[in-house]
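The values are calculated or read from the model by the stated rules, or taken from the named source; none is laboratory data. This structure is a prediction, so every number in the text was calculated from the model and none was measured. Because the Cβ atoms are built from the backbone with ideal geometry, glycine has one as well, and the counts that use them run over all protein chains shown. SASA here: full protein model, heavy atoms, side chains in, ligands and nucleic acids out. Shrake-Rupley method; radii C 1.70, N 1.55, O 1.52, S 1.80 Å.
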Amino acid sequence: MVGGNVQGRNGWRRVGLAVVGLAALTLVACSSNSSSTPGGTTGAATPPSTTSLPPSSASPADTARQQATAAYTGMWRQMAKVGETADWQSPELAKYATGDALGVINRSLYTDHLNGVVSKGAPTNNPQVSSAEPAANPTTVMISDCSDSSNWLKYKDGQLLNDAPGGRRSITAEVKKQQDGTWRVTRFAVEGVGSC
């Protein structure tokens, strides 16, 4: 079981999710392995920073929304990357997730590692900010998403782990500004296939 937390009528509740591996709950924005530079040459792509300075015209609320969304998509992108080898000890995960979110990811990857399971492919995502508090200068941002994990599945010994395909899943995440100014996902919940 893999799960996260979701806020319901009575506060946060634990949501369990049987998945076709970590791949079924992972969201990743497709990224290229190279980027074009001003001289037309190609170099290694760098992941977006969650602490980059915004344009001076951006409000604190807009900046918070952008940085929280970048942390959210960065978490899923990094989950997909380390899922290829089930590297549950990757220090890269902590750049984007902390608390309950990081614990859920690490436990899932550790289970995969013990079972010789890896993930292949990449799901898609479309995160939307559903709320930001406090409004003028947010420190907590809630994100709603609908991920399609149809192209991100689990394998063991080179064979598809089972015949259950991925699909579209509703995801809710809480992203908080940390004391060092970075944004990290603190909690998330993934619903079943067909929930969005």
Query raised in the report: What dipole magnitude, in Debye to the nearest 20, does the range 131-196 give about its Cα centre under +1 on Lys/Arg Cβ and -1 on Asp/Glu Cβ?
Result: 120 debye
Report summary line: With a ≥ b ≥ c from the Cα gyration tensor eigenvalues, square-rooted, and the rule rounded for a/c under 1.5, otherwise prolate when a/b > b/c and oblate otherwise, the range 97-139 is oblate
Query - Dipole in debye (nearest 20) - the range 63-196, about Cα centre, beta carbon charges: Lys, Arg +1; Asp, Glu -1 - result: 160 debye
Query raised in the report: Classify the range 87-196: rounded, prolate or oblate, from the alpha-carbon gyration tensor (a ≥ b ≥ c, eigenvalue square roots; a/c under 1.5 rounded; otherwise prolate if a/b is larger than b/c)?
Result: oblate
Query raised in the report: Taking 0.36 nm per intervening residue step and subtracting the Cα-Cα distance, what contour gain separates S131 from Q179 on full extension?
Result: 15.2 nm
Report task. Report, to the nearest whole %, how much of the accessible area of the range 113-196 belongs to carbon and sulfur atoms, 1.4 Å probe, protein only. Result -> 46 percent
Report summary line: For V141, the net charge from surrounding residues (Cβ-Cβ under 10 Å; K, R +1; D, E -1) works out to +1
Query raised in the report: T63 versus N115, label points 7 Å from Cα toward the beta carbon: distance in nm?
Result: 4.4 nm
